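Undergrad: Structure in structure tokens, see below.
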Amino acid sequence: MKEISVIGLDLAKNVFQIHGVTECGEVLVRKVLRRSQVLQFFAKCPPCLVGMEACGGAHYWSREIRRFGHEVKMMAPAFVKPYLKANKNDRNDAEAICEAVQRPSMRFVAAKSPEQQSVLHLHHSRRLLVKQRVAVSNHLRGILSEYGIVLPQGERVLLQQLPSLLEDGDNTLPMLMRHTLATLMAHHTQLAEHIGVLDAQLQGWHKQDEQSQRLASIPGVGLQTATALAATVGDGKDFRNGRQLAAYLGLVPRQHSSGGRPRLLGISKRGDSYLRGLLIHGARAVIRHIRRRLALGQPGGNPWVEQLLLRCHPNEVAVALANKMARIAWVVLSRNEHYQARAA
């Protein structure tokens, strides 16, 4: 009796597409399932290889399907695209996923635990609130400029001077606009309080997680970068070396080589853009302190960065240092070690 060997699962919100084949590639199942029918189907199906794209809800379905003895592998949608035939629809997408998951050279996405996902969602929620706070600040400045009131740059200046502007009866602000500005200012204060609550939650998780604490000992890696790295990379076993982690974060040159002639361009900017940005900002902070020490005639403390600053733009040095920080982070995580600065 023929049994299903590989299943391609096209995820969605309510309608899921199944494409199952045997070891010889013969199609046995090609059907549509509602959300409530997915787990029932895999509970009755014999253990097999299940492929799916790494999209919204993929980690949840991966954990649930594994409970029935199946082997689940997730792939980046960009790696599945070359196997799509003809027009794009759910049926062809499931077939492409089923074909891609069987390739021996395919790269798979590591499954994240609920705790890892919760920390990453905490990061993204905080970033959303920060964007909203900046938007409210810019909106307040734009309103004030319409009435000839232009404040110096800085959020602190805005919060300090706005109450006095609302109480000043000699300026040109109408009473209706004063009420509007007061409402926006209260919303800005509320956003700042919510961001503080999320920061406290990150700090609490950082104090309990040993991996995050070891990452924070790396120069340029602060609380946010350490917690995001620990939640994203885990123990680092999914990467063979630090270079793979740097490539995953998009910190390596993009290639456009042909005819045996290598041609390297700017960084690829692939992978996790949020984590890449945190590392680059941390590298900029390290470079700023090194340049400040050098300007005072003191040793910078990092000869490698000092030599790069002599021949490269500071932005290029920041990306190079972020690449090195990612490699150091992989060593710290994979070898379960603490960071040790190399003597000059």
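Undergrad: Please report the antiparallel percentage of DSSP beta bridges with both residues in the chain, rounded to the nearest 5. Please list the in-between numbers first.
TA: Details: 16 of 25 bridges.
Antiparallel bridges: around 65 percent, rounded to the nearest 5.
Undergrad: Now, a different point. Assuming a ≥ b ≥ c are the square roots of the Cα gyration tensor eigenvalues, decide whether the stretch 226-344 counts as rounded (a/c under 1.5), prolate (otherwise, with a/b larger than b/c) or oblate.
TA: On the way: a/c = 1.89, a/b = 1.16, b/c = 1.62.
Since a/c reaches 1.5 but b/c is at least a/b, the shape of the stretch 226-344 is classed as oblate.
Undergrad: Right, something else. Just to verify a number: FRET efficiency for LYS31 and ASN87, C-beta to C-beta distance, R0 = 25 Å, to 0.05?
TA: On the way: r = 19 Å, r/R0 = 0.77.
My answer for the efficiency is 0.80.
Undergrad: Also, quick follow-up: Which of the following values of Rg/Rh (Cα atoms, Kirkwood Rh) was calculated from the structure shown: [x] 1.07; [y] 1.01; [z] 0.95?
TA: Answer by label: [x].
Undergrad: Further, regarding this structure: Distance between the C-alpha centers of the stretch 87-136 and the stretch 265-344? Whole Å please.
TA: Their Cα centres are 28 Å away from one another.
Undergrad: Taking the Cα atoms only, what angle lies between the long axis of helix 273-295 and the longest principal axis of the chain, rounded to 10 degrees?
TA: 40 degrees
Undergrad: Helix 155-167 versus the longest principal axis of the chain: what is the Cα-based angle in degrees, 0 to 90, to the nearest 10?
TA: 60 degrees
Undergrad: Relative to the present Cα-Cα distance, how much length would full extension add between GLU64 and MET175 at 0.36 nm per residue of separation? Intermediate values should be presented prior to the final figure.
TA: Values: separation 111, 0.36 × 111 = 39.96 nm, distance 5.73 nm.
Going from the current span to full extension adds 34.2 nm.
Undergrad: In addition: Order of 278-288, 67-77 by packing, highest average Cβ count within 10 Å first? Kindly include the intermediate steps, with their values, before the conclusion.
TA: Numbers: 278-288: 20.3, 67-77: 16.5.
Output ranking for 278-288, 67-77: 278-288, 67-77.
Undergrad: If I stretch the segment between LYS237 and VAL130 completely, what's the gain in nm (0.36 nm per residue apart, minus their alpha carbon distance), one decimal? Working shown, then result.
TA: Numbers: separation 107, 0.36 × 107 = 38.52 nm, distance 3.26 nm.
Between LYS237 and VAL130, full extension yields 35.3 nm more.
Undergrad: Relative contact order for the stretch 6-100: what is it in percent, counting Cα pairs under 8 Å that are at least 6 residues apart?
TA: 33 percent
Undergrad: If I fit a long axis through the Cα atoms of helix 314-334 and take the longest principal axis of the Cα atoms of the chain, what angle between them do I get, 0 to 90°, rounded to 10?
TA: Here the helix axis deviates by roughly 50 degrees.
Undergrad: What distance in nm lies between label points placed 7 Å from Cα along the C-beta direction at ARG141 and LEU159?
TA: Going by the 7 Å Cα→Cβ label model, 1.6 nm.
Undergrad: Let me ask another. To the nearest 500 deg cm²/dmol, what mean residue ellipticity at 222 nm is calculated for the chain from DSSP H runs of n ≥ 4 alone, each contributing -39,500 (n - 2.57), summed and divided by the residues? Don't skip to the answer; put the middle values down first.
TA: Numbers: 13 runs with 188 residues, N = 344.
Calculated at 222 nm, the ellipticity per residue is -18000 deg cm²/dmol.
Undergrad: Which of the three applies to the stretch 6-100, rounded, prolate or oblate, going by the alpha-carbon gyration tensor with a ≥ b ≥ c and a/c under 1.5 meaning rounded? Working shown, then result.
TA: On the way: a/c = 1.41, a/b = 1.21, b/c = 1.16.
Cα axes put the stretch 6-100 in the rounded bin.
Since every read-out is calculated from the coordinates, none of them should be taken as a lab result. Computed from a prediction, not measured in an experiment: that's the story for all the values here. As a convention, Cβ positions derive from the backbone with ideal geometry for all residues, glycine included, and neighbour counts pool all protein chains shown.
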